[in-house]
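Peer 1: One structure is given below, represented as structure tokens, and several questions about it will come after.
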Amino acid sequence: QELLQKRRDFAGLCCLVTAGATRETIDPVRFLSNRSSGKMGMAIAEELRDRGGQVTLILGPTHLEPPCGLEIVRVESAQDMYHAVMEREANADMIVKTAAVADYRPVATSEHKVKKQAGNLMLELERTPDILQELGMRKRPGQLLVGFAAETQDLDRYALDKLHRKHLDLVVANDVSKADAGFAVDTNAVRIYDASGLLAATPLLSKREVARTIVNHMCDRWRRNQD
Ligand code: CTP
Ligand code: CA
């Protein structure tokens with residue numbers, strides 16, 4: 001009976017979620033990107049929506065159909081995502097940064113297709129803005145900030161380092177070197193931390209089930225932040 005009754009524990013809360021990869025343009029036919037598909041972020045957005053949240057999903061390029069019943073903002077580059085997030089962050093009760101934002105972009109974008117030539121090609125790259133770091137600096141009292149950490153080794157150390165460095169309430173780490181956890185698959189296994197350390201470690205589950213666990217921890221933390 002309880003299963004049939006949907007929890008509405010996010011009713012009226014304004015939730016900002018980012019998902020997917022970003023694309024950094026090299027020339028009219030080429031870009032730099034990564035393996036993220038946006039599935040994990042979409043699953044979190046759906047879970048928040050089903051629990052009553054008013055969700056805005058800022059979504060990088062993906063062939064997947066985005067969920068209905070929420071506001072979708074399509075972006076391409078890290079810079080686009082930065083602007084889309086910063087325009088909306090002041091209104092958000094909680095922000096979940098699932099997106100795999102490119103860390104580097106080409107210093108210059110070529111107007112015309114780059115032609116091949118003898119020998120190697122050097123591509124000069126510069127850092128993109130760290131959106132989550134900026135959100136951590138701007139964070140309002142009571143606002144909930146959740147980051148992700150995609151790692152291939154030393155999950156606990158790197159994830160907690162990101163939590164402290166970016167002033168996060170929660171950080172969700174996944175080992176992206178495992179074939180069935182992480183990029184572009186329907187399953188994931190995550191470890192969730194707050195400043196006191198590890199809160200939960202899930203087994204391999206569907207991304208929707210992982211989303212439910214993450215959102216449950218967000219709910220606990222949100223309630224405690226309001227006290
Ligand atoms: N992030 C961001 N803006 C960036 C890079 C990352 O907002 N330019 C966010 C991601 O959305 C994620 C978190 O920061 O929630 C951690 O991303 P991750 O790539 O794991 O860590 P980085 O801080 O970029 O460090 P590194 O890639 O060197 O591990
Ligand atoms: Ca990164």
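Peer 1: Collect the residues in region 137-150 that are out of contact with any helix residue (DSSP H, G or I) (no Cβ under 8 Å at 6 or more places or on another chain), over 29 Å from residue 63 (Cα atoms) and outside any loop (DSSP other than H, G, I, E, B), keeping them in residue-number order.
Peer 2: 137
Peer 1: Considering each residue of region 186-205, count those that are open to solvent by 20 Å² or more (accessible area, probe 1.4 Å) and in contact (Cβ under 8 Å) with a residue 40 or more places away in the chain, and give that number.
Peer 2: Matching residues across region 186-205 total 2.
Peer 1: Is one or more of the residues making up region 145-155 more than 26 Å from residue 14 (Cα to Cα), β-branched (Val, Ile, Thr), open to solvent by less than 70 Å² (accessible area, probe 1.4 Å) and at pLDDT 95 or above? Break it down into steps so the answer makes sense when it comes.
Peer 2: So the first thing to find is which residues in region 145-155 are more than 26 Å from residue 14 (Cα to Cα), and the list is 151-155.
Those still in the list that are β-branched (Val, Ile, Thr) too: 152.
With open to solvent by less than 70 Å² (accessible area, probe 1.4 Å) added as a condition, the list becomes none.
No, that holds for no residue.
Peer 1: Within region 151-222, which strands (runs of 3 or more DSSP E) (wholly inside it) include 3 or more residues that are hydrophobic (A, V, I, L, M, F, W, C)?
Peer 2: Details: elements: 170-175, 190-194, 197-201.
The qualifying strands (runs of 3 or more DSSP E) are 170-175, 197-201.
Peer 1: Condition first: without any contact (Cβ under 8 Å) to a residue 40 or more places away in the chain, more than 21 Å from the chain's Cα centre (by Cα) and within 16 Å of ligand 2 (Cβ to nearest atom). Can you find one or more residues in region 142-149 that meet it? Please lay out each step first, then the result.
Peer 2: First, pick out the residues of region 142-149 that are without any contact (Cβ under 8 Å) to a residue 40 or more places away in the chain: 149.
Remaining after also requiring more than 21 Å from the chain's Cα centre (by Cα): none.
Looking through region 142-149, none of the residues is without any contact (Cβ under 8 Å) to a residue 40 or more places away in the chain, more than 21 Å from the chain's Cα centre (by Cα) and within 16 Å of ligand 2 (Cβ to nearest atom).
Peer 1: Search region 92-140 for residues being open to solvent by less than 20 Å² (accessible area, probe 1.4 Å) and without any contact (Cβ under 8 Å) to a residue 60 or more places away in the chain, and hand back the single one that is nearest to residue 188 (Cα to Cα).
Peer 2: Among those that are open to solvent by less than 20 Å² (accessible area, probe 1.4 Å) and without any contact (Cβ under 8 Å) to a residue 60 or more places away in the chain, it is 132.
Peer 1: Conditions first: (1) of a type in the set (S, T, N, Q); (2) in contact with a helix residue (DSSP H, G or I) (Cβ under 9 Å, 6 or more places away or on another chain); (3) not in a helix (DSSP H, G or I). Residue 133 passes all but one, so which condition is the exception?
Peer 2: Among (1) of a type in the set (S, T, N, Q); (2) in contact with a helix residue (DSSP H, G or I) (Cβ under 9 Å, 6 or more places away or on another chain); (3) not in a helix (DSSP H, G or I), the lone unmet condition for residue 133 is (3).
Peer 1: May I pose another question? From 87, 76, 47, 24, which residue is open to solvent by less than 10 Å² (accessible area, probe 1.4 Å) and farther than 24 Å from residue 212 by Cα? Lay out the reasoning, then the answer.
Peer 2: Numbers: 87 fails: open to solvent by less than 10 Å² (accessible area, probe 1.4 Å); 76 fails: open to solvent by less than 10 Å² (accessible area, probe 1.4 Å); 47 fails: farther than 24 Å from residue 212 by Cα.
Answer to the selection: 24.
Peer 1: Can I ask one more? Residue by residue through region 63-105, note down the ones that are over 12 Å from residue 22 (Cβ atoms), within 10 Å of ligand 1 (Cβ to nearest atom) and aliphatic (A, V, I, L, M).
Peer 2: 95, 96
The values are calculated or read from the model by the stated rules, or taken from the named source; none is laboratory data. Note that this is a predicted model, so its numbers are computed, not measured. Cβ atoms come from the backbone with ideal geometry, glycine included; neighbour counts cover every protein chain shown. Surface areas here come from the heavy atoms of the whole protein model, side chains and all, with no ligands, DNA or RNA. Shrake-Rupley method; radii C 1.70, N 1.55, O 1.52, S 1.80 Å.
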